[in-house]
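The values are calculated or read from the model by the stated rules, or taken from the named source; none is laboratory data. Note that the structure is predicted; figures quoted are calculated from it, not measured. Here the Cβ positions follow ideal geometry from the backbone for every residue, glycine too, while neighbour counts run over all protein chains shown.
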Amino acid sequence: MPIDPKSPKNSRRAFIATTAAAFVWLFTGSRAAAAPSVSAGAPCKVKGRERTVDGVTFVCRNAKGKLVWRRKPGNAAEKIVAVRVLESAELGIGETKVVNVPTTAGGTAGVVLTRTDAGITALKVNCTHAGFPVARVGNVLQCELHGSQFEPGTGAVVTGPATRPLMRYDASEASGGIYVTLNA
């Protein structure tokens, strides 16, 4: 059977369209036909319907006259993780070190560790005034931006403009290591 070059099935346009569709399918696979994902704030259709995605339950609710997905309250379990951040010998009495602690969400949290006669203090590295990091300057932790000063052993404000103390994490020492506990 001879091929008719003028047939619509054999045109360049049909070839290009078929090739483009094949590439789209190759990159998206079956995801193109999958149901839309559920996330907080995304539109939904039936009030009260629940969907669970990756262990998180969403409920379709009315918000400002529109039906949207919202997280179902009370089903998120708080994860508490203690992470070994330093060897005990690396932090002498009166010394301060800044370490990055891995979080359960996949990022890191900057933590200022200070050893005093009373024990080890772990404080969030960000100033409570503008969020910039603090560093040890003399006997205080000082913000790099506006100069707020904090007591290294407690995180209390020594001089402003900050008015709130640095956030404190639980720190412990066991098996020759220093552990910081983050609530994620």
Being surrounded by 17 or more Cβ atoms within 10 Å (Cβ to Cβ), part of a loop (DSSP other than H, G, I, E, B) and in contact with a Cys (Cβ under 9 Å, 6 or more places away or on another chain) is true for just one of His129, His146. Which residue is that?
His129
Tell me, which residue of the range 96-108 that is surrounded by fewer than 19 Cβ atoms within 10 Å (Cβ to Cβ) and aliphatic (A, V, I, L, M) is nearest to Ala171 (Cα to Cα)?
Val98
Lone qualifier among Val56, Val24, Val68 - being of a type outside the set (Ser, Thr, Tyr), surrounded by 13 or more Cβ atoms within 10 Å (Cβ to Cβ), modelled with pLDDT under 80 and outside the structural domain of Tyr179 (by TED's automatic domain parsing)
Val56
